[in-house]
Amino acid sequence: MASIRDTLTGMYNRKGFARFSENMFQRAVNEKKQFLVIVGDLDMLKTINDNYGHIEGDNAITIAANAMNTCCKSGEMCARMGGDEYAVFGVGDYTDEIVTEYTGHIRNFCDRYNASSGKEYNVGVSLGFYCAVPEENDTIDSFYNLADEKMYEDKKRYYEALDLYQNNHKQ
């Protein structure tokens, strides 16, 4: 079983995602239920590694994984897709409010961690999601790619806001 689990976080890895997401996607197709994909990408990992070391980078990866897991409340599964990228996937009757609640859980987890960690860096996750009833020509990859595009839009907003903040607070 270890080959489908990420050794650092304990969550499914890309191979585990591939194994279980296909069945969930097919269930969504067969039952005409919504398939949800939330993609998360840890913010500033290179900066954390460069300034605080790889042990702290691994800590940030684990905190982000825990944050992503907080929204798995109705049979969703979470996977670490790569170095600092995660995916949540599920089948159900999702509303915009539920998806917003899920992404809120992730952000709130990071905020609570940052407020209490005493670390000199913050852990944050840029998020994107896509949720719909799959149609005949849809694939897991098409859902994942749409969520990934939205995540990159969120990451762009984060870095633009960060640049604005840093430019306005230079000494």
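The values are calculated or read from the model by the stated rules, or taken from the named source; none is laboratory data. As the structure is a prediction and not an experimental result, all values here were calculated from the model. Note: ideal-geometry Cβ built from the backbone for every residue, glycine included; neighbour counts use all protein chains shown. Surface accessibility is based on the protein's heavy atoms, side chains included, excluding ligands, DNA and RNA. Shrake-Rupley method; radii C 1.70, N 1.55, O 1.52, S 1.80 Å.
Scoring ASN51 on the criteria (1) modelled with pLDDT of 95 or more; (2) open to solvent by less than 40 Å² (accessible area, probe 1.4 Å); (3) not in a loop (DSSP other than H, G, I, E, B) leaves a single failure, condition (2). Does region 109-123 contain any residue that is in contact with a Ser or Thr (Cβ under 9 Å, 6 or more places away or on another chain) and open to solvent by 70 Å² or more (accessible area, probe 1.4 Å)? No; the residues of region 109-123 include none that is in contact with a Ser or Thr (Cβ under 9 Å, 6 or more places away or on another chain) and open to solvent by 70 Å² or more (accessible area, probe 1.4 Å). The C-beta contact set for region 8-23 (first residue free of Cβ contacts under 8 Å to residues at least 60 places away in the same chain and under 12 Å from MET81 (Cα atoms), second residue assigned to a helix (DSSP H, G or I) and open to solvent by less than 40 Å² (accessible area, probe 1.4 Å), distance under 6 angstrom, 6+ apart or interchain) comprises LYS15/ILE4.
Checked against the criterion of being buried (at least 22 other Cβ atoms within 10 Å of the Cβ) and either of a type in the set (Phe, Trp, Tyr) or over 30 Å from GLU136 (Cβ atoms) (or both), the candidates ALA60, ALA79, ALA87 yield just one match: ALA60. Within region 63-76, being without any contact (Cβ under 8 Å) to a residue 60 or more places away in the chain and either surrounded by fewer than 23 Cβ atoms within 10 Å (Cβ to Cβ) or more than 12 Å from the chain's Cα centre (by Cα) (or both) holds for ALA65, ASN66, ASN69, THR70, CYS72, LYS73, SER74, GLY75, GLU76.
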